[in-house]
Amino acid sequence: MAGIFDFVPAIVLLPFVSFLVALAVGNRLPKGGAFAGIVATAGSFLLSVATFFTVSGGQTYNQTIYTWANGLDGAVTLTFGLLIDPLSAMMLVIVTLIATLVHVFSLGYMNDEGETGLPRYYAGLGLFTASMLGFVVADNLLMAFMFFELVGLCSYLLIGFWFREPGPPSAAKKAFLVTRFGDYFFLVGVVAVFATFGTAAFAGSESFPHLAEQALHGEHSVNTFGFEPRTWFTIVGLLVLGGVVGKSAQFPLHTWLPDAMEGPTPVSALIHAATMVAAGVYLVARMYGFYALSPTSLSIIALIGGFTALFAATMGVVKREIKQVLAYSTISQYGYMMLGLGGGGYIAATFHLMTHAFFKALLFLGAGSVIIAMHHNENMWEMGGLKDKMPVTYYTFLSGSLALAGIVPFAGFWSKDEVLYETLVHGLGGSPILLVAYAMGLLAVFFTGFYTFRMVLLTFHGEPRSQTARDPHGVHWNVKGPLVVLGILAATAGLVNMTPVAELTGLEIEFLHQWLGHGIEGLTSHHYVELLESQAGYHAAEIGPIVPGLVSLALALAGAGLAYFLYNDAEPTEHTDKLGGAKTVLYNNYYQDEYQVWLANSLVQPFSRGADKFDQGVVDGVVNGVSSVSLLSGNRVRRIQSGVVSNYAVLLTLGLTALILGFGLLGGWF
Amino acid sequence: MVPPQYYLLLSAAVFCIGLFGILTRRNALLFLMSVELMLNAANINLVAFSYVWGNVTGQTFGLFTMAIAAAEVAVGLGIILVLYRDFGDVDVTKVTTMRW
Amino acid sequence: MLIEGLIAVAFVAALVVFVSPNEYAGRLAAALSLLPIVGSLYMWSQFDATGNALLGGSIAFETDFVWLTLGGLDVHWFVGLDGISMPLVVLTTILTTLAIVSAWTPIDTRQSQFYGLMLFMEANLLGVFTALDFFVWFVFWEAVLVPMYFLVGIWGGPRRKYAAIKFFVYTNIASLAMFIGFIALVFGLGDSVSSMRLPEIAMALRGGELGGFAGLDAGALKLAAFVAMFIGFGVKVPIVPLHTWLPDAHVEAPTPASVMLAGVLLKMGTYALLRFNFTMMPDVAQALVVPIALIAVISVIYGAVLALAQQDLKRIVAYSSVSSMGYVILGLIAYTTYGVGGATFQMVAHGLISGLMFMAVGVIYNTTHTRMVGDMSGIADRMPVTSGIFVAGAFGYMGLPLMAGFAGEFFIFQGAFASTVHAAMPLFTAAAMFGIVIVAGYLLLAMQRTLFGPFRFDGEYEVTEAAFHDVAPLAVLLLLVIVLGVAPDLFFQMIQQAVNPILQTGGGL
């Protein structure tokens, strides 16, 4: 059947082709290859939408399309394949939509600003999109890892786009290195999955989550390296989680993300909203059937998520640059998604992944628009009063901010609320450790409301505080267009899954629940709920979603209100100065960077230098010592070579005599 | 038939004379002569054993040795001539340029 | 007779280039070196072997006749290819041509001798990878050293004499240890072998025909011979702590010689380890699994840590070769399809990628006349194409997926992790895998400091983009790396076919 699924590879390949085009002939194309990228991503978007509708008709697709390494005689065969189910279909639409909008926005941010090296930029964007799409459709863990790494490469190339300055190359290096550190654990996890199950497929009866489930039931035996099956699955799960923590910028591997703001702002939007950072959370959702088997893994995911959400939100409170605030909000929001996944809220986390993609892309693009207007000055203390000068940017940015802060009825409210609700009910239902994570997540809501509106108020309200803010640079349709699209989505995307409203009215309006409830057997949300109950011991307590929803809304409003109270002046002051020493700590990110840089500079570097000295001195010293000894002894022995023939004759004779005597003694002649 | 011991004694005597010459003499010519004596001592042995065992391999080698000795004399005398030309002397202990 | 033809063509080409005038020697050598490429590619297309050259099954392009008789042992002219040697032959021919082209710019004296030696080395390398009789193999093995000695000693850097002598003496002593070990085995086998053909010896050893020799019983003799040969081949690989000749040789060698040294000569060591130690004496190897795996892990981590401390770009790549070859040892000791097969694949992959990196460093050196990291920054501003390929090659070295290095490393990791030769193999594997983080660390740091940032160069030379013929070999290598990374089955199928007999027909496994 030549259905839409036969065109799914094209979704991935189109941006890849645009990468090749931009790289090869970008210099000769108008706009440095931008149109190739826009056409390609828009094509991918249309195909994704078509796929989406096909999937909503109940069809799914799980097919191997390429054999990468064919194992002979019973060795594992490594393949590439496509897995199109509701989750990946939804993600395809999100990624292609954001990628298209980012391409369009780049026309305004890069082309109109007279940047050089545009073919390189658009090639990077194309490859980035293609890698992420390849990751989304991956049907096994190895393929996912490979595209995961390619995403890392692209982030390196794009963050370091302005390579002639000292900052971006350093930030790019840090981003790649920190995520590589996480990917190390991921790779060990991939290898362990292959060694344990002999397959890394996500879906089907021969998939590793399914085999793991059977192993726990004792229906199938796998190689668990001498551990209890559940213990081993927990270890493997945590190893894979290492990659997630790195890419999704969770504590303690979050330090690369704020630095990554050195890249062009559209790239930040792409990285933080839909691609690289989302990849980590998406991976956990993709193999949720495996994590659901291990309550320990789930608790760790929830705790990491809750802690990161709170931890990053507090740092966002004191930042001066608009992009820095957004960076920390990204870390914090991905913390929520991890919290949702760990707390048993698969749908909630996926929901938040979707809404966050929209409103965070919106906020970054909005910030990009502000940065254009401000002639690339990012300091919020030099902005102010931009509300009247750039209304489109302001209202769309406000829409995104309301969503980020979690104010009803904007998208972020519904999803964040559901994440917290799911964690709460499962925590009360017999997994008290989740309550700790829930408390941290709930507290973070307050900080989120505060820093979001501090940012909005400082940027757009009050009086202009600098010359550029008084006379901002205008922006074109190519900036405003994407903002409007995303602004509408940020306001409305939450309506697809209004759990509290559904509870109140009894209407069947939880569309996302229905959406993720069907699909490939073993990958549905129903199956995950079963697994959570039977394997992880997660039980939902009987609480309605209304009260917890009101609590988090109240906290968000309190945070926003405090920000309004403090910063809605014409000439706001730095109230955070009152925090004193705490501000210094927060401003320096709890010295997380410092200790990691210290590890690299003061521990690893001297260690490697010491190793070098050891190598040159001791190991090579032995080698050179051997040669010195032979040279020296040769120097002594050569004195025999006196040049006098008679001496040689004497030596010869003596030698012969000695030889004969020796033979005689040994041979017993005497 | 003369017993082989006599040949061996003769050969040993000639060899020792040659050896003595090499160890005590400083004149290159005498040196060369002494080497020839030693070679011929070896030759006597070859021929003697050939005679004792009744096959001609030893004698064949004896002939070979003579041929080589002839060549050696030619080379040796050439060296001595050069020695004399370059150093004005044929005293082997004075020519010590080929040392370490 | 194809193999003989291949080797003969390379020898004749070497002779022709030797007597050609200096001005044309480079072009002529490059053109002539295309003939072995055509030959090896043709052989690859006709390749139909499904067995292991030492353990039976079909071998491709086999020639076997008695050459001479030595003390009761026949010496055969016996050559042939299986799935392990075929990729290495292709690698050798391609890399030689590219190295010759990359020499056009830097080599400006005694060109005809230089290119003649390169081709002479190619001929001997082809001999090493095809010979299946110990005597023939050993002659080629030793003969490879001679051209490399002169290449380093004549066209090298300031300390070239020291480096060349160190290289020659070190590897020659190693050959001696290996030779003694192997000959002791042959004596121990006594009358059960009638020739020096490797298959015969391998089958006899795996069949338990070994007797005692020189006061050692069979077990002790086998162990002693294994250790002697492991050390002997280990110097070539090189394994820590026998690696110190390598950085000196690389730093002093001219770029094309470095390419050949890292790309092919190091593979002789692992190839021989696979053929001799791990194929002939799997029982000893598996008894020594802990020390061997430890050596592998230490080579990986120690080499990478040393690379972190270096300031000379060539030294960085040299030490990272030590690190990468450690993976190969880890794969070999795993005794799984993916472990040993991956190790063989990694030989080819690392040959291409290290060749690429050395050439890229060489291209920058041709322009700047310095390789020190601190002497320059922002080179990408002036040499965008070279820098782009440098970045791509560096990511290949870091094991970026869909490039050959990832395939090799992943196969090894997977094979080693699943290996059952020792319960601690997963731990050893995980420890060795940490190398992928350190390699990213030093390459990214080096790139940040040399290629990126504001342009700064302390030397007096004009920094401009390299000539087409300097960049073209880099591009070709990069393309090959990507092709092998996307479709590793091009080689991995035949490698598996050749490797599986080692795992299956283990004498006493």
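So here's what we get for this one:
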{"quantity": "Residues (surrounded by fewer than 19 Cβ atoms within 10 Å (Cβ to Cβ), in contact (Cβ under 8 Å) with a residue 12 or more places away in the chain and assigned to a helix (DSSP H, G or I)) located in the stretch C:154-172", "calculated": "C:Ile154, C:Tyr162, C:Ile165, C:Asn172"}
{"quantity": "Pairs where the first residue, in the stretch C:5-34, is buried (at least 16 other Cβ atoms within 10 Å of the Cβ) and the second is among the acidic types (Asp, Glu), C-beta under 6 Å, 6+ apart", "calculated": "C:Ala10/C:Glu122"}
{"quantity": "Odd one out for C:Ser387, checked against (1) buried (at least 24 other Cβ atoms within 10 Å of the Cβ); (2) under 23 Å from C:Gly355 (Cα atoms)", "calculated": "(1)"}
{"quantity": "Selection status of C:Val439, surrounded by 24 or more Cβ atoms within 10 Å (Cβ to Cβ), more than 7 Å from chain A (Cβ to nearest Cβ), of a type in the set (A, V, I, L, M) and at negative phi", "calculated": "yes"}
{"quantity": "Odd one out for C:Val361, checked against (1) more than 15 Å from C:His250 (Cα to Cα); (2) away from chain A (no Cβ under 11 Å)", "calculated": "(1)"}
{"quantity": "Set A:Val244, A:Val193: member being touching a residue at least 60 places away in the same chain (Cβ under 8 Å) and either assigned to a helix (DSSP H, G or I) or over 27 Å from A:Thr64 (Cα atoms) (or both)", "calculated": "A:Val244"}
{"quantity": "Subset of the stretch C:363-378 [assigned to a strand (DSSP E or B) and polar (S, T, N, Q)]", "calculated": "C:Ser377"}
{"quantity": "Options C:Asp375, C:Asp381; residue that is away from chain A (no Cβ under 14 Å), out of contact with any helix residue (DSSP H, G or I) (no Cβ under 6 Å at 6 or more places or on another chain) and among the acidic types (Asp, Glu)", "calculated": "C:Asp375"}
{"quantity": "Subset tally (residues that are more than 9 Å from chain A (Cβ to nearest Cβ), surrounded by 17 or more Cβ atoms within 10 Å (Cβ to Cβ) and not in a loop (DSSP other than H, G, I, E, B)) for the stretch C:420-433", "calculated": "4"}
{"quantity": "Any pair with Cβ under 8 angstrom, 6 or more apart, that starts in the stretch B:76-100 at a residue that is within 12 Å of chain A (Cβ to nearest Cβ) and over 12 Å from B:Ala28 (Cβ atoms) and ends at one that is of a type in the set (Gly, Ala, Ser) and outside any helix (DSSP H, G or I)", "calculated": "B:Thr96/A:Ser642; B:Thr96/A:Gly643; B:Thr97/A:Gly643; B:Met98/A:Gly643; B:Arg99/A:Ser642; B:Arg99/A:Gly643"}
{"quantity": "Residue within the stretch A:497-510 that is assigned to a helix (DSSP H, G or I) and under 28 Å from A:Tyr564 (Cβ atoms) present", "calculated": "yes"}
{"quantity": "Output for the stretch A:26-58, where each listed residue is surrounded by fewer than 16 Cβ atoms within 10 Å (Cβ to Cβ), in contact (Cβ under 8 Å) with a residue 60 or more places away in the chain and part of a helix (DSSP H, G or I)", "calculated": "A:Asn27, A:Ser56"}
{"quantity": "Residue list for the stretch A:69-88, restricted to those being in contact (Cβ under 8 Å) with a residue 24 or more places away in the chain, facing another protein chain (nearest Cβ under 10 Å) and either on the phi > 0 side of the Ramachandran plot or in a loop (DSSP other than H, G, I, E, B) (or both)", "calculated": "A:Val76"}
{"quantity": "Test: C:Phe417 is buried (at least 23 other Cβ atoms within 10 Å of the Cβ) and without any contact (Cβ under 8 Å) to a residue 60 or more places away in the chain", "calculated": "yes"}
{"quantity": "Members of the stretch A:551-585 found to be of a type in the set (A, V, I, L, M) and closer than 19 Å to A:Leu404 by Cβ, listed by number", "calculated": "A:Val551, A:Leu553, A:Ala554, A:Leu555, A:Ala556, A:Leu557, A:Ala558, A:Ala560, A:Leu562, A:Ala563, A:Leu566"}
{"quantity": "Positions within the stretch A:1-19 being in a helix (DSSP H, G or I), over 11 Å from A:Ala40 (Cα atoms) and in contact (Cβ under 8 Å) with a residue 12 or more places away in the chain, in sequence order", "calculated": "A:Ile4, A:Phe5, A:Phe7, A:Val8, A:Pro9"}
{"quantity": "Only listed residue being among the small types (Gly, Ala, Ser) and more than 14 Å from chain B (Cβ to nearest Cβ), chosen from A:Gly664, A:Gly643", "calculated": "A:Gly664"}
{"quantity": "Condition check for A:Ala600: among the small types (Gly, Ala, Ser), touching a Leu at 6+ places or on another chain (Cβ under 9 Å) and away from chain B (no Cβ under 14 Å)", "calculated": "yes"}
{"quantity": "Where C:Phe406 falls short, out of the listed (1) within 10 Å of chain A (Cβ to nearest Cβ); (2) in contact (Cβ under 8 Å) with a residue 60 or more places away in the chain; (3) out of contact with any Ser or Thr (no Cβ under 9 Å at 6 or more places or on another chain); (4) more than 23 Å from C:His350 (Cα to Cα)", "calculated": "(4)"}
{"quantity": "Residue in the stretch B:19-35 that is out of contact with any Pro (no Cβ under 7 Å at 6 or more places or on another chain), among the aromatic types (Phe, Trp, Tyr), assigned to a helix (DSSP H, G or I) and closer than 21 Å to B:Met1 by Cβ present", "calculated": "no"}
{"quantity": "Some residue of the stretch C:467-483 being closer than 30 Å to A:Tyr66 by Cβ, within 25 Å of the chain's Cα centre (by Cα), without any contact (Cβ under 8 Å) to a residue 40 or more places away in the chain and at the interface with chain A (Cβ under 9 Å from one of its Cβ atoms)", "calculated": "no"}
{"quantity": "Odd one out for A:Tyr591, checked against (1) among the hydroxyl-bearing types (Ser, Thr, Tyr); (2) part of a helix (DSSP H, G or I); (3) in contact with a Lys or Arg (Cβ under 7 Å, 6 or more places away or on another chain)", "calculated": "(3)"}
{"quantity": "Meets criteria (within 9 Å of chain C (Cβ to nearest Cβ), buried (at least 22 other Cβ atoms within 10 Å of the Cβ) and either modelled with pLDDT under 90 or not in a helix (DSSP H, G or I) (or both)) for A:Phe163", "calculated": "yes"}
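To keep it simple, each residue is scored yes or no on (1) farther than 30 Å from C:Met280 by Cβ; (2) among the aromatic types (Phe, Trp, Tyr); (3) in contact with a strand residue (DSSP E or B) (Cβ under 8 Å, 6 or more places away or on another chain); (4) not in a helix (DSSP H, G or I).
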{"position": "C:Ala10", "(1), (2), (3), (4)": "no, no, no, no"}
{"position": "C:Ala49", "(1), (2), (3), (4)": "no, no, yes, yes"}
{"position": "C:Trp77", "(1), (2), (3), (4)": "no, yes, yes, yes"}
{"position": "C:Val90", "(1), (2), (3), (4)": "no, no, no, no"}
{"position": "C:Thr93", "(1), (2), (3), (4)": "no, no, no, no"}
{"position": "C:Val101", "(1), (2), (3), (4)": "yes, no, no, no"}
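Quick grid of which residues meet (1) without any contact (Cβ under 8 Å) to a residue 40 or more places away in the chain; (2) more than 10 Å from every other protein chain (Cβ to nearest Cβ); (3) among the hydroxyl-bearing types (Ser, Thr, Tyr); (4) not in a helix (DSSP H, G or I):
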position	(1), (2), (3), (4)
A:Tyr122	no, yes, yes, no
A:Leu125	no, yes, no, no
A:Met146	yes, no, no, no
A:Ser155	no, yes, yes, no
A:Pro169	yes, no, no, no
A:Ala172	no, no, no, no
A:Leu187	no, no, no, no
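The values are calculated or read from the model by the stated rules, or taken from the named source; none is laboratory data. Note that the coordinates shown come from a computational prediction; the quantities given were computed from them, not determined experimentally. Note: ideal-geometry Cβ built from the backbone for every residue, glycine included; neighbour counts use all protein chains shown.
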